[in-house]
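The block underneath contains the structure these notes are about, expressed in structure tokens.
The values are calculated or read from the model by the stated rules, or taken from the named source; none is laboratory data. If you're wondering where the values come from, they're calculated on a predicted model, not measured in any experiment. Cβ atoms come from the backbone with ideal geometry, glycine included; neighbour counts cover every protein chain shown.
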């Protein structure tokens, strides 16, 4: 069963892998490596409270396991138990003082809780230990931005970009540092809304004239009834709304129809993009990819915080249901809209970032680079805003 679970994990069939591990652990509940494996998968699918139980059990069986303490801390941080997470990270480092992962994640915890000097110190230690890691350089740059050190941040992020020009996290924070240090021309070249941000309207949707099919209604019902739908799912940026797991994991139903339509639009989008060897996004176009796709149900007052998609190359959102007042613009001009370009408040400083606002409509698809910061605005009127978000993840 465990061998099957590992195969399913390699195929990203995480739900089925968890079922296999559940069955295996019923027979051997003290199998340390099986507990660890299930906890790791639960973290991947953002079931952090369940993962927390596994790592607590693992520590009870192996109290000197530094990796288990690190994983425990990660789950605690993901459900906003920051003080307990800090203690667990420090325990992991006491057991393994050279753990770069623990240094980096502790630094990120300090960054997210406003302890900026400690964040920079711990992330600097991590970078000193592994200077060729672009991800660590990017994390240090983000901490320096939050600490109000844009020049230092830019140097760190340029190093990260030099190590890996395809690192989406590095690109996202490099954009912020370029804006904050006044290099707006280079910054704007990374977004180029007229070229890199595209919208498509599905014929047959309620957002078009003529005959309307029922795909959007079936998608909305599928998401409302999805077994993984969870209100304010830990580790996600949704506030005042609910979020599913991967809609392709099991019984995808009408999502398969939508994915086929989306992939056709992605191919058209890629065909229209010019090739530019000096641009991190235009220098390379994926020919094959996997799709990670999930549903989001936002209710009045709900919104999504500014974020990027670290695992994607192209990201997008498709709207299955939109309140009438939001799609018509009858209320405040940005109510319920998608805003592109502004990073989280912690990284903004005093900089005014150029923004693009896109109004949702049923059947509307928006595509953009995965490293572009985006958020949604809350709305006041009744009705649900149901969308399907996704990442196009190139096959390596």
(message) I'm checking my understanding of the structure. Among residues of region 245-255 that are within 28 Å of residue 48 (Cα to Cα) and more than 15 Å from the chain's Cα centre (by Cα), which one is surrounded by the fewest Cβ atoms within 10 Å (Cβ to Cβ)?
(response) 251
(request) Determine whether region 201-216 contains at least one residue that is surrounded by fewer than 16 Cβ atoms within 10 Å (Cβ to Cβ), touching a strand residue (DSSP E or B) at 6+ places or on another chain (Cβ under 9 Å) and within 27 Å of residue 317 (Cα to Cα). (result) yes
(message) Checking residue 32 against (1) at pLDDT below 95; (2) more than 25 Å from residue 227 (Cβ to Cβ); (3) crowded, with 19+ Cβ neighbours inside 10 Å, only one condition comes out false. Which one?
(response) (3)
(request) Check off (1) surrounded by 19 or more Cβ atoms within 10 Å (Cβ to Cβ); (2) in contact (Cβ under 8 Å) with a residue 40 or more places away in the chain; (3) not assigned by TED's automatic domain parsing to the domain that holds residue 143 for residue 234 and give me the number that stays unchecked. (result) (1)
(request) Scan region 1-24 for residues that are free of Cβ contacts under 8 Å to residues at least 40 places away in the same chain, within 24 Å of residue 233 (Cβ to Cβ) and surrounded by fewer than 20 Cβ atoms within 10 Å (Cβ to Cβ) and jot them down. (result) 8, 9, 11, 19, 22
(message) crowded, with 19+ Cβ neighbours inside 10 Å, closer than 30 Å to residue 354 by Cβ and outside the structural domain of residue 78 (by TED's automatic domain parsing): is that true of residue 223 in this structure?
(response) no
(message) Against the definition (over 25 Å from residue 244 (Cβ atoms), assigned to a helix (DSSP H, G or I) and in the same structural domain as residue 70 (by TED's automatic domain parsing)), how does residue 24 come out, yes or no?
(response) yes
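Would you mind stating whether residue 80 is at positive phi and either surrounded by fewer than 21 Cβ atoms within 10 Å (Cβ to Cβ) or in contact (Cβ under 8 Å) with a residue 12 or more places away in the chain (or both)? Don't jump to the end; show me each part of the working.
On the way: at positive phi: yes; either surrounded by fewer than 21 Cβ atoms within 10 Å (Cβ to Cβ) or in contact (Cβ under 8 Å) with a residue 12 or more places away in the chain (or both): yes.
When the stated conditions are applied, residue 80 passes them.
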(message) Which condition from (1) farther than 27 Å from residue 142 by Cβ; (2) in contact with a helix residue (DSSP H, G or I) (Cβ under 6 Å, 6 or more places away or on another chain) is the one that residue 346 breaks?
(response) (1)
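Go over the candidates 278, 315, 325 one by one and state the one that is farther than 20 Å from residue 198 by Cβ, assigned by TED's automatic domain parsing to the domain that holds residue 255 and either in a loop (DSSP other than H, G, I, E, B) or touching a strand residue (DSSP E or B) at 6+ places or on another chain (Cβ under 9 Å) (or both).
Numbers: 315 fails: farther than 20 Å from residue 198 by Cβ; 325 fails: either in a loop (DSSP other than H, G, I, E, B) or touching a strand residue (DSSP E or B) at 6+ places or on another chain (Cβ under 9 Å) (or both).
Only one candidate passes the filter, namely 278.
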(request) Within region 354-390, count every residue that is surrounded by fewer than 22 Cβ atoms within 10 Å (Cβ to Cβ) and either at positive phi or not assigned by TED's automatic domain parsing to the domain that holds residue 259 (or both). (result) 1
(message) Suppose we filter 242, 170, 187 for residues that are crowded, with 16+ Cβ neighbours inside 10 Å and within 25 Å of residue 266 (Cβ to Cβ); which single one remains?
(response) 170
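Does region 60-76 hold any residues that are in contact with a helix residue (DSSP H, G or I) (Cβ under 8 Å, 6 or more places away or on another chain) and over 15 Å from residue 90 (Cα atoms), and which are they? Lay out the reasoning, then the answer.
Restricting attention to region 60-76, the residues satisfying the condition of being in contact with a helix residue (DSSP H, G or I) (Cβ under 8 Å, 6 or more places away or on another chain) are 61-62, 64-76.
Residues satisfying the conditions are 61, 62.
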(message) Residue under question is residue 50, and the condition is that it be within 27 Å of the chain's Cα centre (by Cα) and crowded, with 19+ Cβ neighbours inside 10 Å; does it hold?
(response) no
(request) Return yes or no: is residue 18 within 26 Å of the chain's Cα centre (by Cα), outside the structural domain of residue 305 (by TED's automatic domain parsing), in a helix (DSSP H, G or I) and over 30 Å from residue 142 (Cβ atoms)? (result) yes
